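None of the figures in this text is laboratory data; all of them are computed from the coordinates on show. Treat the numbers as computed from the prediction; the structure is a model and nothing was measured. Backbone-built Cβ (ideal geometry, glycine too); neighbour counts: all protein chains shown.
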Amino acid sequence: MSKPILTIFYQFNPWHSSIGGIQTVIKNFVKYAPDEFEVRLVGTTSEQHQPLGAWQEAEFAGKLIKFMPVLYLENDDVRKLVPTTIKYTAALFGRQLASDFMHFHRLEPTVAAVNWSGEKTLFVHNDIHKQMSSQGGKDAIAWRYLPKAYFAIERLLVNQFSEILSCNTESTKLYQELYPKIADRVKYIKNTVDNEICYPLNWDEKDRERRILAQQMGKAEETKFVLFAGRLHSQKQPILLVQSIAEINDPNIHLLIAGDGDLRAQVSSEIDRLKLQQQVTMLGAINQTELAKLQRLSSAFILTSAYEGLPLVVLEALACGTPIVTTRCGETPNLLSPNSGVICEERTPVAIADALRRILYNPSDYPIEACVQAAAPYSAQTVVGDIYQNMLRRWQQRTSLSTNQHHKSLTGVSP
């Protein structure tokens with residue numbers, strides 16, 4: 001019996017993944033795909049000997065999938081003059097990659113898919129209007145300089161989608177208002193956290209792991225770790241992050257920065273300028289499993305972003321039992337309870353430092369259990385499983401209708 005085919009389109013290699021929450025979302029859709037589906041991924045490769053445009057079978061996250069690289073890409077953590085999304089979109093032109101279901105995580109590649117038949121879903125990961133209006137340097141979204149052109153292209157493309165799924169309630173409402181004819185196709189979707197990777201320790205285990213890391217790093221035993229994870233781009237405002245640690249002015253508070261990006265040199269220079277070499281460690285890009293270990297032992301996870309959707313790293317930290325300090329942006333403030341995090345109303349070093357002090361100096365006010373509870377509704381197995389079940393039901397209905405129509409045509413009965 002044939003299986004419904006899901007093809008996922010995104011500019012990454014799941015076996016050599018760059019930094020980003022979208023990559024994690026896609027990995028969860030692969031890992032928790034039911035056996036009733038065949039999953040395909042159209043991505044990129046850094047291996048010059050690997051042929052482009054050819055399907056190959058490979059195992060990922062315990063699942064056998066079909067993978068097709070269409071673009072050679074060395075490192076997507078640092079942006080180039082020509083955005084990777086544009087290169088990836090160009091590589092899709094002239095190909096016929098239609099399937100029963102197609103998932104897109106950027107708008108641009110769907111230009112190549114306009115005439116492909118099948119059910120198409122667009123995932124919206126950020127509040128695009130705030131992203132367009134944000135300030136930034138060379139790492140800012142390129143469309144920020146041509147917003148009218150972007151939205152004109154969007155208007156031409158949105159009608160092809162069976163669903164537009166956004167992890168941000170503001171973006172969901174905005175799309176429904178902008179495109180009333182397809183408002184019923186625009187829905188809010190929970191972002192996901194993999195509880196097999198992100199799980200908490202009890203308090204004694206957490207404290208033991210914290211002390212072990214402090215010892216390994218040559219720090220005082222009472223050192224408390226604050227963790228940031230993400231791209232070092234203007235969206236995340238990593239300079240503000242470093243300045244907030246300087247504002248705390250406590251030698252026993254240590255910031256761990258897990259990530260890479262265009263602002264890496266500027267962040268390093270700011271650390272030197274503020275003489276924080278003993279209080280900040282730049283770890284570079286690390287894999288999800290290693291990041292989860294740090295999330296479990298950290299005393300707080302910090303987010304100083306200018307705009308967001310719902311960052312997966314926030315859900316991961318909460319699932320690991322770690323409270324959040326965040327600026328008021330994206331969906332994060334809507335899911336935090338008073339004892340699982342602090343929301344900063346001002347995006348300043350003073351306000352962020354004050355929020356960190358509340359958590360770091362009063363840990364009993366932010367218990368592990370409260371953090372885990374805040375992330376519980378976002379379990380990948382549940383959220384992704386529900387989406388697949390809905391897809392399967394629609395596919396079975398279409399298949400049944402097609403079979404009935406075919407039977408009626410053979411028997412001479414008008415459908």
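Fewest to most neighbouring Cβ within 10 Å: what's the order for V313, V383, V242?
V383, V313, V242
Residue by residue through the range 275-286, which ³J(HN,Hα) values in whole Hz follow from phi under the Karplus form 6.51 cos²θ - 1.76 cosθ + 1.60 (θ = phi - 60°), with glycine and proline marked x?
6, 10, 4, 8, 10, 9, 10, 8, 8, x, 6, 10
Run down the lysines and flag those whose C-alpha is under 26 Å from the C-alpha of K293, throwing out any fewer than 8 positions away in its chain.
Answer for K293, where 26 Å is the Cα cut-off: K27, K31, K63, K190, K206, K219, K224, K236, listed by chain and number.
Using the Karplus equation 6.51 cos²θ - 1.76 cosθ + 1.60 (θ = phi - 60°), what ³J(HN,Hα) coupling, rounded to whole Hz, does each residue of the range 234-239 give in order, writing x for Gly and Pro?
Karplus values, whole Hz, x for Gly and Pro: 4, 3, 7, 6, x, 5.
Counting alpha carbon pairs within less than 8 Å and at least 6 residues apart, what relative contact order, in whole percent, applies to the range 166-205?
Computed over the range 166-205, the figure is 39 percent.
Using Cβ counts within 10 Å as a stand-in for footprinting exposure, how do D100, D204 rank, fewest first? Walk me through the numbers on the way to the answer.
Numbers: D100 20, D204 8.
Fewest-to-most Cβ neighbours within 10 Å comes out as D204, D100.
Do the sum for the chain: with -39,500 (n - 2.57) for every DSSP H run of n ≥ 4, divided by all residues, what is the mean residue ellipticity at 222 nm, to the nearest 500 deg cm²/dmol?
Values: 14 runs with 156 residues, N = 415.
Computed mean residue ellipticity for the chain: -11500 deg cm²/dmol.
Would you mind telling me the antiparallel percentage of the DSSP bridges in the chain, rounded to 5?
On the way: 5 of 51 bridges.
That works out to approximately 10 percent antiparallel.
List the residues whose amide H sits under 5 Å from the amide H of F60, counting only those 5 or more places along or on another chain, with H placed 1.01 Å from N in the peptide plane.
Residues meeting the amide H criterion: I65.
Across the range 328-336, in residue order, what do the Karplus-derived ³J(HN,Hα) couplings come to in whole Hz, using 6.51 cos²θ - 1.76 cosθ + 1.60 with θ = phi - 60° and x for Gly and Pro?
After applying 6.51 cos²θ - 1.76 cosθ + 1.60, I find 7, 7, x, 8, 4, x, 6, 9, 7 Hz.
Fewest Cβ neighbours within 10 Å first, please rank F161, F12, F60, F301 accordingly. Can you show the working numbers first?
Values: F161 20, F12 23, F60 16, F301 28.
With the sparsest Cβ surroundings first, the list reads F60, F161, F12, F301.
Which of the aspartates and glutamates could a cross-linker span from K87 if the Cα-Cα distance has to be under 12 Å and same-chain partners fewer than 8 positions apart are dropped?
D76, E108
Suppose a student asked you for the relative contact order of the chain, using Cα pairs under 8 Å spaced at least 6 residues apart; what percent would you report?
Computed over the chain, the figure is 14 percent.
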